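Encoded as structure tokens, the structure appears first; notes follow it.
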Amino acid sequence: MMGYLLKRLAFMGVTVLAVCALTFFLMNIIPGGTAELILKHTVLELEEIPTDEQIAEISSRYNLHDPLYIQFGNWLAGALQGDLGSSYIQKKPVSYLLLLRLPATIQLAFAAMSIAVLIGVPLGIFCAIRENKFTDYILRIVTLMGVSMPGFWLALILILFFSVNLKLFPVAGYGELRYLVLPAVALSAHSLALTLRMVRTGMLEVMSQPYIAFAISKGLSPRHVIARHALKNALLPAITVLALSLGHMLGGAVVIESIFAWPGVGSLLVDAISGRDIPLVQGCVLTIVGVFVTINLLVDLTYTYLDPRIRYG
Amino acid sequence: MNRQRNLLGRLAILLAFIALANAADGSGDQTLTVGEIWDIEGLDPASGHSVTVNDKALIVETLIGVDESFNLKPLLATSWKSIDDKTWEVNIRDGVKFHDGSELTADDVKFSIERANELDLTVRSLLKLDSIEVLDPYTIRIRTTSPNSIMPAILHYASIAIISPKSIGDDGEFGKLIGTGPFKLESFDPQTHILTVTKNDNWWGGEVKLNRIILKPITDPNTRALALESGDVDFTVDVPYSEAERIDEIDGVNVEKYSTPRIYRIEINLKHAPLDDARVRQAISSAIDRDEIAEYVLFNVGSPATGPFMADMFWANENIKSYDYDIDLARELLDEAGWKDSDGDGIRDKDGKPLELSLLTYIERPGLQPMAEALAGQLEDVGIKIHAEAVENGVSSDRQKKGDWDLYLSATNTGMVPDPLYYLGLTYGTDGSSNKADYSNSRVDSIIRQAYETEDQEERIKMLDELEEIVQEDLPVIIMANYGVAIAKKDYVKGYVFDPTAHDYRLSPDMYIED
């Protein structure tokens with residue numbers, strides 16, 4: 001187990017490094033001059049044409065003329081010592097900007113995830129028990145809508161209904177708990193629907209296994225059979241899906257963040273990309289990838305707990 | 001089952017609780033909450049945040065202002081005059097106090113201009129600064145490296161707002177912004193980027209009616225509309241153009257549409273045949289139905305235009321050729337230029353080559369992409385095939401630089417510096433930095449040179465009138481419409497007067513909330 005863990009950690013390091021390197025080079029080959037876009041996101045209007053002197057000054061200020069491998073090497077050397085550099089556009093340390101955004105992102109992702117799990121799992125079980133009954137059909141149609149609805153549309157409908165009409169929650173912003181409700185619900189819709197369907201399918205499959213029939217015929221209560229015997233096995237695929245969506249929620253909630261004016265890492269990254277704010281892009285990507293691979297590892301470790309037949313070594 | 005019902009009950013109680021908590025707050029006592037369109041990333045006027053702190057938060061002021069006809073007017077400076085062709089003398093208002101109580105003097109002005117010149121690369125290229133001399137506590141002399149007749153207009157540029165040197169901390173970093181404006185900084189939340197300012201009781205300009213302005217960045221236009229509707233904000237701009245009418249009809253809310261000093265224009269690549277033929281360019285301009293574009297693309301957020309300057313600008317030449325929608329004239333001009341539809345496919349051709357042009361634009365401004373599509377449709381009516389393409393601005397500007405374009409649609413500011421020479425020189429001068437059409441006319445160049453050296457306002461405007469007429473005939477740039485803004489606010493917000501000279505919008509110290 002220990003050996004396996006070390007091997008995984010080493011691979012994680014390689015993955016993170018590879019993604020950072022790839023991001024860095026991609027940022028430099030996408031069209032649009034880095035210096036020009038930095039200028040357009042600071043002192044120039046979008047339509048203004050930078051002068052040659054302005055380009056030259058920005059390029060020398062941020063060493064943009066150096067060969068790419070040297071620029072990346074400098075960034076990496078800093079990052080390994082915990083220094084992620086400073087944003088070209090906001091002119092503040094990248095780590096400071098990330099620390100401002102991370103709490104909001106984590107809060108939103110975990111709230112959405114909790115909604116998906118706390119509602120999706122019980123309803124999934126419920127649907128499986130009532131397979132092909134009326135409530136099952138209704139819930140399956142609703143979840144189909146949940147999976148197909150674009151997040152931004154659902155978000156606007158939620159605002160229209162709960163904020164504008166019922167005045168229950170603020171339209172947008174970040175702060176107390178009431179600001180969290182709508183974005184979390186909007187963000188969770190897709191994962192919730194997916195979880196419900198995964199749990200339902202998993203449960204149905206497991207429930208048809210001989211050992212379940214045996215457990216029931218042994219005289220165990222249905223509740224006991226479902227909770228102790230069936231659920232654990234039915235959850236494995238759902239956990240994989242949930243873990244992946246948690247990763248997306250942490251880094252890719254851009255649309256939801258923008259609609260709800262939620263100060264998360266996703267919109268920070270998108271703004272950074274459009275301004276070619278390379279240190280900030282690198283910092284965001286490093287954070288998101290780091291979280292992603294960590295979640296992956298945790299999920300794999302969870303498997304061994306849920307299904308002791310799985311052994312890593 | 002029991003447990004589930006319990007859960008629902010708890011949820012209902014929670015919701016009721018939240019509703020109550022919501023109802024409890026929100027009563028604002030002369031507090032104006034604004035849904036701001038851009039994210040607010042900082043407050044330093046010399047580092048790209050000048051429009052926020054100057055036009056919207058009203059914390060700082062410039063030396064020189066402009067009235068609604070774009071005439072310069074005294075602000076922190078009371079008067080200015082040129083001493084010789086490279087020197088301007090500016091007199092500073094007596095008795096103006098910064099928000100910390102200290103008095104505004106010439107040293108602060110010198111400090112602010114020099115700092116903007118050092119940090120803001122646009123200011124540097126505009127000013128051509130040589131040195132600033134403080135003659136007495138209320139007089140400075142600005143020397144430039146070459147004649148700069150538009151100096152007073154440049155001193156209106158928001159990045160050269162006057163700040164107290166105490167805004168800079170002991171560590172040399174920008175700290176708490178201290179200005180002279182009608183509102184002073186109360187707080188700026190580094191996480192949510194919400195900016196709150198409070199009334200400056202000692203403002204030199206008189207009484208300020210609002211107690212507080214809260215600027216909340218909401219970058220999504222749909223969310224801004226909903227936030228206004230729900231009452232989360234009292235004032236916002238640029239709700240989705242297509243929604244402006246509907247929102248205006250909601251009780252308690254109104255939407256006003258105005259034109260701003262920015263134009264939708266098509267630059268033409270004169271190096272690509274047949275665009276080097278003035279008749280083809282004129283045909284394109286005549287084939288554009290500007291009224292239709294203003295109505296169905298912009299939903300009247302903006303107005304049809306053929307010249308670069310809107311009528312509010314006192315220097316606008318209103319006698320230039322207007323290129324009214326005339327599809328017959330367009331066809332005639334194309335026929336004359338030798339482009340005829342010989343194979344009957346609806347697209348004109350000449351020497352076996354069809355008349356096909358690319359139309360490049362960018363996605364960042366909402367009107368551009370639909371306008372490109374509408375233009376493609378209108379030009380196809382006269383037999384010109386248009387390949388419209390909307391990409392990220394970085395990409396479009398890259399392609400324009402490489403010459404990979406025929407027509408380039410943009411929304412360009414014409415009043416950044418309140419002087420006609422600024423826009424005309426950049427756009428039509430042979431070496432003008434925005435002259436991507438590679439337009440070159442020796443008469444135009446000599447007018448620009450002369451105008452830079454002429455300080456007499458009337459004489460300069462007359463020269464530039466001629467320039468406007470020449471370029472309207474040569475037509476290296478076709479203008480379609482004035483860029484509009486939709487100001488949406490609650491009916492109880494009173495005292496707002498639209499300022500056509502502002503970037504986006506300018507709030508006013510005369511605004512108040514009616515009970």
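The table below gives the values:
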quantity: Helices (runs of 4 or more DSSP H) within the stretch A:74-176 that include 3 or more residues within 15 Å of A:S191 (Cβ to Cβ) and more than 14 Å from chain B (Cβ to nearest Cβ); calculated: A:94-129, A:134-148
quantity: Listing of helices (runs of 4 or more DSSP H) fully contained in the stretch A:196-290 that carry 1 or more residues being hydrophobic (A, V, I, L, M, F, W, C), over 30 Å from A:D83 (Cβ atoms) and out of contact with any Leu (no Cβ under 6 Å at 6 or more places or on another chain); calculated: A:210-217, A:231-251, A:254-259
quantity: Subset of the stretch B:195-211 (residues that are crowded, with 21+ Cβ neighbours inside 10 Å and within 14 Å of chain A (Cβ to nearest Cβ)); calculated: B:L195
quantity: Flag if B:G101 is surrounded by fewer than 14 Cβ atoms within 10 Å (Cβ to Cβ) and in contact with a strand residue (DSSP E or B) (Cβ under 9 Å, 6 or more places away or on another chain); calculated: no
quantity: For B:A437: the one exception among (1) more than 27 Å from B:W88 (Cβ to Cβ); (2) within 14 Å of chain A (Cβ to nearest Cβ); (3) at pLDDT 90 or above; calculated: (3)
quantity: Scan of the stretch A:45-73 for residues that are more than 14 Å from chain B (Cβ to nearest Cβ) and surrounded by 15 or more Cβ atoms within 10 Å (Cβ to Cβ), ordered by number; calculated: A:L64, A:Q71, A:F72
quantity: Whichever residue in the stretch B:224-240 is over 22 Å from the mean Cα position of the chain (by Cα) and either surrounded by 22 or more Cβ atoms within 10 Å (Cβ to Cβ) or in contact (Cβ under 8 Å) with a residue 40 or more places away in the chain (or both) and, among such residues, is farthest from the other protein chains (Cβ to nearest Cβ); calculated: B:D234
quantity: A:L76, sole failed condition from (1) over 24 Å from the mean Cα position of the chain (by Cα); (2) of a type in the set (A, V, I, L, M); (3) buried (at least 22 other Cβ atoms within 10 Å of the Cβ); calculated: (3)
quantity: Filter result for A:F152 (out of contact with any Pro (no Cβ under 7 Å at 6 or more places or on another chain), aromatic (F, W, Y) and at pLDDT below 90); calculated: yes
quantity: Tally of residues being under 19 Å from B:G65 (Cβ atoms), in contact with a Pro (Cβ under 7 Å, 6 or more places away or on another chain) and either within 14 Å of chain A (Cβ to nearest Cβ) or not hydrophobic (A, V, I, L, M, F, W, C) (or both) across the stretch B:162-194; calculated: 1
quantity: Filtered residue count, the stretch B:289-312, keeping only those that are surrounded by fewer than 22 Cβ atoms within 10 Å (Cβ to Cβ), assigned to a loop (DSSP other than H, G, I, E, B) and not small (G, A, S); calculated: 6
quantity: The stretch A:78-104 residues that are of a type in the set (A, V, I, L, M), paired with ones that are at pLDDT below 95 and in a helix (DSSP H, G or I) (beta carbon under 6 Å, 6 or more apart); calculated: A:L98/A:T287
quantity: First in the stretch A:221-233 and within 18 Å of A:S208 (Cβ to Cβ), second anywhere and surrounded by fewer than 19 Cβ atoms within 10 Å (Cβ to Cβ) and at pLDDT below 80, Cβ under 9 Å, 6 or more apart; calculated: A:K232/A:L306; A:K232/A:D307; A:N233/A:L306; A:N233/A:D307
quantity: All positions within the stretch A:24-36 that are closer than 19 Å to A:G85 by Cα and at the interface with another protein chain (Cβ under 7 Å from one of its Cβ atoms); calculated: none
quantity: Residues located in the stretch B:267-288, provided they are outside any helix (DSSP H, G or I), in contact (Cβ under 8 Å) with a residue 24 or more places away in the chain and surrounded by fewer than 21 Cβ atoms within 10 Å (Cβ to Cβ); calculated: B:L270, B:K271, B:H272, B:P274, B:L275, B:D277
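The values are calculated or read from the model by the stated rules, or taken from the named source; none is laboratory data. Since the model is a prediction, treat every value here as computed from it, not as a measurement. All Cβ positions, glycine included, derive from the backbone under ideal geometry; neighbour counts span all protein chains shown.
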